[in-house]
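What follows draws every value from the coordinates through simple rules; no lab data is involved. Values in this document were obtained by computation on a predicted structure and should not be read as measured data. We place every Cβ from the backbone using ideal geometry, glycine too, and count neighbours over all the protein chains shown.
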Amino acid sequence: MMQQFKNANQRHAGIAFFESLLEKHGGQLSPEQTGLYLSALGVLSASYANQVPLLSRIAWVNKTIEILEHARDLTKNENFLVRWMIGVVYAQLPERFNKADAALTDLTWCVDNIAKAPHDGWLREPYYHLAVLYDQAKDQQQAHGYLKLSGYDDFNKPIILTTPFAVNATKGFTFH
């Protein structure tokens with residue numbers, strides 16, 4: 001559902017939906033369910049941050065980080081999807097938020113715990129974002145190794161994919 005709001009460029013509506021859902025049904029949800037919904041809310045909030053007025057943006061991102069950390073706590077830091085979402089969001093945050101190390105930890109955890117994922121295709125984004133983080137750290141060997149594992153041809157990709165299939169010029173159509 002979160003991805004549908006993102007794909008339709010209806011992030012604000014998605015934020016309202018998940019906030020309403022958590023407000024209305026929060027007491028009936030397990031901590032695991034609440035953590036998943038909070039992480040979806042956090043991803044939508046992070047992806048909406050560029051639409052927030054500049055003077056309010058830092059507070060918006062800090063609130064998003066709080067939401068994601070609450071999701072982490074509720075799932076006892078053991079839910080693949082929550083760690084995946086946190087790692088992907090943190091990897092994209094500006095340096096001022098000091099989340100690169102946390103992103104590295106979460107994304108590496110995802111690689112090490114792929115058995116907890118819905119399918120192996122969920123590694124594409126952790127591999128890609130690990131490549132970006134290592135590229136920023138000037139570790140080209142690690143960066144290019146992870147980029148190759150991601151299936152992306154370079155560091156300029158337009159979207160995040162959570163599908164079990166991919167298409168690129170080198171490998172053609174691949175799926176898990």
(request) State, to one decimal in nm², a quarter of the convex hull surface area for the C-alpha atoms of segment 1-102, i.e. the direction-averaged projected area. (result) 6.3
(request) Return, ordered by residue number, the residues of segment 59-81 whose backbone nitrogen is under 13 Å from a label point located 7 Å along Cα→Cβ of Asn113. (result) 72-81
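For Lys157 and Asp135, compute 0.36 nm times the residue count separating them, minus their Cα-Cα distance, and round to one decimal in nm.
This chain segment gains 6.4 nm when fully extended.
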(request) Just tell me which aspartates and glutamates come within less than 20 Å, Cα to Cα, of Lys116; anything on the same chain fewer than 8 places away is out. (result) Glu32, Glu69, Asp73, Glu78, Asp106, Glu125
(request) About the Cα centre of segment 1-155, how large is the charge dipole given +1 on each Lys and Arg Cβ and -1 on each Asp and Glu Cβ? Please answer in debye to the nearest 20. (result) 320
